[in-house]
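K.L.:
Submitted below is the structure of interest, expressed as structure tokens.
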Amino acid sequence: MGKDRTHHYPLDAIRFVAALSVALFHLGFYSWASETSSTSRIFAHVDALPKLASVTWFGWIGVNVFFVISGFVIANSANGASPISFLKSRALRLYPAAWICATITLIAWLAIAHRPPSELMGPYFHAMALWPLPNWIDGVYWSVAVEVCFYATIFLFLVFQQFKHLTLYAWVLTLLSGAYLGAIRFGVLPDSGWVWLHSDVLLLQHGPLFAIGIWMWKSSGRRNLIPDYIGLGTAIGVALIGIGLRAESLQLVEAPAASGFSIEEPMIVWLVILAFMFTFTRWPGAFRPRSLRTCALTRKLGQATYPLYLVHNVVGAGLMHILIQAGMRPYVALVFAPAAVIALAWPIAWIAEPVIGAWLREMLNKAEVQLLRLPGGRALARPGGIAD
């Protein structure tokens with residue numbers, strides 16, 4: 001199956017809406033309903049926003065949407081790629097924004113919450129390195145760590161030229177996660193211990209979401225066979241179990257203010273979004289924006305999503321804290337703060353990222369030249385295979 005270079009514009013819009021839903025969850029619910037999160041710590045419980053809780057409490061489902069999109073995009077971009085080109089593309093996508101946004105978040109902690117620098121430097125460098133284990137300068141980096149671990153497995157498939165077995169990997173992700181989540185659900189494994197603490201980076205929690213993205217990519221090329229549809233259905237079922245467990249954890253442990261709501265709500269919302277994504281990727285030409293201006297705007301939305309996601313939490317909650325203390329009504333602050341972090345994400349994506357990205361690209365190109373000169377180094381430049 002060859003690489004599809006069609007740009008799926010609706011996915012850019014869905015990615016942006018998903019980031020916005022996570023922002024509204026953190027700023028409109030988690031900031032006051034949780035006790036120990038980075039959001040609540042900088043918000044400092046200056047007020048509460050319970051009137052919107054029924055629609056903001058499950059905004060975290062946007063992260064689950066991100067992982068599905070990532071499975072789709074990575075399957076396409078890695079198909080036929082060499083390990084070194086894949087590694088460079090992922091580094092260029094992740095690190096420039098992470099360096100910028102982690103620094104902005106550090107400044108927010110120092111200026112708004114007045115946390116001592118000695119307390120922040122370790123988490124700051126964890127975020128800068130995209131280290132897969134906590135603590136980070138902002139709790140949202142946990143999902144980037146999950147992405148990095150998924151990328152690492154794809155990189156190994158390319159190194160050993162086994163990308164043709166991508167569908168098998170989707171099955172492995174699904175079945176391992178199903179076994180893990182089932183063990184948690186029925187009390188076979190405690191929600192503590194080494195496996196539980198590392199379940200994110202082991203892809204035990206969210207593996208089926210990446211698998212769904214892989215099968216979505218195969219579907220976009222109309223290459224799915226009956227076993228693929230069985231795998232897809234299994235992955236969706238396992239993902240729904242994970243969503244249910246996440247909702248229960250939120251209600252029982254993290255934010256009891258959500259306990260009065262139905263855990264089916266995030267499941268239904270996610271399924272609806274998933275149906276749209278399958279439709280958009282199966283028939284991309286039918287949903288391509290008609291004007292070049294709309295195409296450009298949609299791509300800009302997609303590119304601004306990553307910095308928006310990284311800065312919305314601590315920076316947005318800190319801004320709400322300042323505005324509410326200055327006398328602004330909480331619900332007005334909830335409108336202003338997301339608008340402000342969206343405005344901040346645009347220059348990060350379109351001015352700062354390209355500058356740092358150009359420097360990083362030059363450094364990576366130089367490193368690549370040296371790496372290929374090493375014994376066996378040229379193996380990293382060989383294509384890692386074509387998925388079935």
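K.L.:
Answer yes or no as to whether PHE86 is more than 25 Å from ALA33 (Cβ to Cβ), open to solvent by 20 Å² or more (accessible area, probe 1.4 Å) and modelled with pLDDT of 95 or more.
P.N.:
In short, no.
K.L.:
Another question about this same structure. Checking THR234 against (1) in contact (Cβ under 8 Å) with a residue 24 or more places away in the chain; (2) β-branched (Val, Ile, Thr); (3) over 29 Å from ALA152 (Cβ atoms), which test does it fail?
P.N.:
All conditions are met except number (3).
K.L.:
Still on this structure, please answer the following. Would you mention how many residues in the stretch 190-212 are touching a Ser or Thr at 6+ places or on another chain (Cβ under 6 Å) and either of a type in the set (Phe, Trp, Tyr) or under 21 Å from ALA78 (Cα atoms) (or both)?
P.N.:
Within the stretch 190-212, residues that are touching a Ser or Thr at 6+ places or on another chain (Cβ under 6 Å) and either of a type in the set (Phe, Trp, Tyr) or under 21 Å from ALA78 (Cα atoms) (or both) number 3.
K.L.:
Filter the stretch 300-353 down to residues that are free of Cβ contacts under 8 Å to residues at least 12 places away in the same chain and either part of a helix (DSSP H, G or I) or closer than 21 Å to ALA145 by Cβ (or both), then give me how many there are.
P.N.:
6
K.L.:
So, one more: Looking only at the stretch 149-201, which residues are β-branched (Val, Ile, Thr), in contact with a helix residue (DSSP H, G or I) (Cβ under 6 Å, 6 or more places away or on another chain) and under 22 Å from ASN224 (Cα atoms)?
P.N.:
Once the filter is applied, which keeps residues that are β-branched (Val, Ile, Thr), in contact with a helix residue (DSSP H, G or I) (Cβ under 6 Å, 6 or more places away or on another chain) and under 22 Å from ASN224 (Cα atoms), the stretch 149-201 yields ILE154, THR174.
K.L.:
Sticking with this one: Identify all residues within the stretch 346-381 that are surrounded by fewer than 12 Cβ atoms within 10 Å (Cβ to Cβ) and touching a Lys or Arg at 6+ places or on another chain (Cβ under 9 Å); write none if there are none.
P.N.:
Once the filter is applied, which keeps residues that are surrounded by fewer than 12 Cβ atoms within 10 Å (Cβ to Cβ) and touching a Lys or Arg at 6+ places or on another chain (Cβ under 9 Å), the stretch 346-381 yields only ASN365.
K.L.:
Kindly indicate the residue of the stretch 202-222 that is in contact with a Phe, Trp or Tyr (Cβ under 9 Å, 6 or more places away or on another chain) and either farther than 30 Å from TRP283 by Cβ or not in a helix (DSSP H, G or I) (or both) and also most open to solvent (accessible area, probe 1.4 Å) among those meeting that condition.
P.N.:
Among those residues, the one meeting the criterion is LEU202.
K.L.:
Considering only the stretch 109-148, how many residues are within 21 Å of SER89 (Cα to Cα), hydrophobic (A, V, I, L, M, F, W, C) and outside any helix (DSSP H, G or I)?
P.N.:
So the answer is 2.
The values are calculated or read from the model by the stated rules, or taken from the named source; none is laboratory data. Everything quoted here is computed from the prediction, not taken from an experiment. Cβ atoms come from the backbone with ideal geometry, glycine included; neighbour counts cover every protein chain shown. These accessible areas exclude ligands, DNA and RNA; they are computed on the full protein's heavy atoms, side chains included. Shrake-Rupley method; radii C 1.70, N 1.55, O 1.52, S 1.80 Å.
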